[in-house]
Amino acid sequence: MDTGQKAGQVLLPFFKGTDAAAHAAVIERLHLSGAIIMGDNVPKGPQGQVDPAAMTAANQQLATATRADGDSWPGLIGVDQEGGVVARLGLPLTEWPAPMSFGAAGSEPLAREAGGGLAAELAPLGFTVDFAPDTDVTIGPKDPTIGARSMSSDPDAAAALGAAFSHGMLGAGILPVAKHFPGHGSVTADSHLSLPVQPATVEELRGRDWKPFQAAVAGGAPMIMTGHIAVPALEPGVPASLSAPTYQALRGLGFNGVAVTDALNMEAVNKQYPSGAAAVKALAAGADLLLMPADVDQAHAAIVRAVASGELSAQRLDEAATRVATMMTWRGRTGAPQGAAPGSGAALSAKVSAAAVTVLSGPCTGPLVPGAVQVTGGGPGDRERFAAAAARAGLAVGSGPVVNLIGYGGRPAGGDIAVALDAPWPLQESAAPVKLAVYGRSDGAFDALAAVLAGKATAPGKLPAAVGSFPLGTGCAP
């Protein structure tokens, strides 16, 4: 490969709109490793749902373009599909609850099964990489970014469940990405908007935030994502994604796979390092794959110039490109598993939610409501989904106790029963005497809620993070 080809191999850009052919031409021109599919790239049918056939065709165009130079390995066709609020692909694909469900359910086999179920629907569409799972350890309500994307506030649980989910994904033919090293769940600012500072010592990080990444390395993780977090104990004022001491720390865990940056168009990086500077700095620091540079043409040109001027060593670019090509060669040799039809994981998704429902306060047995309830709160469509689930559970809607739904980012609620549909923190100050955490807004999550309200199922989940005076592990299960 010449320098231009190597520079392309370490870039994984986004594109705008649904014109995959236009982006395929960019992939060929710049020798890019592939593309990440964002929400606006997903072709939709007349009902506003994902068009699986069109998505498959678009991904095939992009994948074909990655081989225009005669590469023997498949391209990187990536997507952010974690479950919960981070899901670029909606119906008819299975809707999964928030990853915190796995912490509440506390079952590694279930997490592994779900990782396989989620990935099995992506592989037939032509995806090779899913930027999941989020293995950050959340600190609770002071964590503004990760929240219910984290599986647990317990480092050991987050480590075991994240590794299990990743193994499930790998078994279904999708490369997982553990994120966001050195740990985004314990900072109090959002790196989409500014540069968070992680004040912990290296020793503290090893005992908390790095445990899931150590488990990922031990489990053979092919990729780990670095976050845009400044860690003074490693390198003050510099985003971890662009910091050589951070990559040294990651390699110090024994990681030999591909280190990928978080999106380089995020404000934590783009404000300070525009016009391709972030790409060069990240590569020089030790990154192997550069995700979503603000301008891929500028990033590519900047890398080529930096090698020519000596600012970036040719050896470092070789190392990065070789790691990416090696990973994808391995992915190609494993073959594509059979895959699964869109929506085939619905029963498994419902099983996850049924295992996760958590009672913080209120009865653990018997019906929580008489035969009818009133419903309020929630986001668009939540009350309609609740009503449909209530009907399936034999509950009428319109009279009786008030069930107050708290959606993503919602505030504490009154009523008779407060239900958190995402992170459970708002339950801390909710006045309702009965408090439930459901960790999802899927049909399966609402079915699990309705079954508990009607007394047709128990709530086996335990809090995966403390909620005010309710400690980690609160729940009905023994």
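The values are calculated or read from the model by the stated rules, or taken from the named source; none is laboratory data. Keep in mind the model is a prediction, meaning the values are calculated, not measured. Using ideal geometry, Cβ is built from the backbone for each residue, glycine included, and neighbour counts are taken over all protein chains shown.
For the condition out of contact with any Gly (no Cβ under 8 Å at 6 or more places or on another chain), of a type in the set (Asp, Glu) and surrounded by 19 or more Cβ atoms within 10 Å (Cβ to Cβ), what is the one hit in Asp318, Asp262, Asp288?
Working: Asp318 fails: surrounded by 19 or more Cβ atoms within 10 Å (Cβ to Cβ); Asp262 fails: out of contact with any Gly (no Cβ under 8 Å at 6 or more places or on another chain).
That would be Asp288, the only listed residue that is out of contact with any Gly (no Cβ under 8 Å at 6 or more places or on another chain), of a type in the set (Asp, Glu) and surrounded by 19 or more Cβ atoms within 10 Å (Cβ to Cβ).
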Flag for Arg333 being outside any loop (DSSP other than H, G, I, E, B), closer than 24 Å to Gly4 by Cβ and either free of Cβ contacts under 8 Å to residues at least 24 places away in the same chain or of a type in the set (D, E, K, R) (or both): no
Which of the residues that make up the stretch 124-180 are modelled with pLDDT of 95 or more and among the acidic types (Asp, Glu)? Asp130, Asp134, Asp136, Asp154, Asp156
Ala278 fails exactly one of (1) touching a residue at least 60 places away in the same chain (Cβ under 8 Å); (2) under 15 Å from Leu11 (Cα atoms); (3) assigned to a helix (DSSP H, G or I), namely (1)
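Condition check ((1) modelled with pLDDT of 95 or more; (2) under 20 Å from the mean Cα position of the chain (by Cα); (3) of a type in the set (D, E, K, R)) across all residues:
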{"position": "Asp2", "(1), (2), (3)": "yes, no, yes"}
{"position": "Val10", "(1), (2), (3)": "yes, no, no"}
{"position": "Phe14", "(1), (2), (3)": "yes, yes, no"}
{"position": "Ile36", "(1), (2), (3)": "yes, yes, no"}
{"position": "Asp40", "(1), (2), (3)": "yes, yes, yes"}
{"position": "Gly78", "(1), (2), (3)": "yes, yes, no"}
{"position": "Arg88", "(1), (2), (3)": "yes, yes, yes"}
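Kindly evaluate Pro92 against the criterion of being surrounded by fewer than 21 Cβ atoms within 10 Å (Cβ to Cβ), in contact (Cβ under 8 Å) with a residue 40 or more places away in the chain and either of a type in the set (S, T, N, Q) or assigned by TED's automatic domain parsing to the domain that holds Ile27 (or both).
Details: surrounded by fewer than 21 Cβ atoms within 10 Å (Cβ to Cβ): yes; in contact (Cβ under 8 Å) with a residue 40 or more places away in the chain: yes; either of a type in the set (S, T, N, Q) or assigned by TED's automatic domain parsing to the domain that holds Ile27 (or both): yes.
Yes: the conditions hold for Pro92.
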Members of the stretch 65-104 that are hydrophobic (A, V, I, L, M, F, W, C), over 17 Å from Leu11 (Cα atoms) and outside any strand (DSSP E or B): Val85, Leu89, Leu91, Leu93, Trp96, Ala98, Met100, Phe102, Ala104
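Kindly provide the set of residues from the stretch 1-35 that are among the charged types (D, E, K, R) and either crowded, with 24+ Cβ neighbours inside 10 Å or without any contact (Cβ under 8 Å) to a residue 40 or more places away in the chain (or both), ordered by number.
Of the stretch 1-35, the ones among the charged types (D, E, K, R) are 2, 6, 16, 19, 28-29.
Hits for the stretch 1-35 are Asp2, Lys16, Asp19, Arg29.
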I want to confirm something. Restricting to the stretch 36-64 and keeping residues that are in a loop (DSSP other than H, G, I, E, B) and touching a residue at least 40 places away in the same chain (Cβ under 8 Å), which single residue is surrounded by the most Cβ atoms within 10 Å (Cβ to Cβ)? Val42
For the structure I just gave you, tell me whether Val369 is in a loop (DSSP other than H, G, I, E, B) and within 16 Å of Lys456 (Cβ to Cβ). yes
Hits in the stretch 291-303 (condition: part of a helix (DSSP H, G or I) and surrounded by fewer than 20 Cβ atoms within 10 Å (Cβ to Cβ)): Asp297, Gln298, Ala301
Which of the numbered conditions does Gly410 fail, given that it passes all the others? Conditions: (1) at pLDDT 95 or above; (2) in contact with a helix residue (DSSP H, G or I) (Cβ under 9 Å, 6 or more places away or on another chain). (1)
Is at least one residue of the stretch 296-307 in the same structural domain as Met38 (by TED's automatic domain parsing), in contact with a Ser or Thr (Cβ under 8 Å, 6 or more places away or on another chain), of a type in the set (D, E, K, R) and within 19 Å of Met266 (Cα to Cα)? no
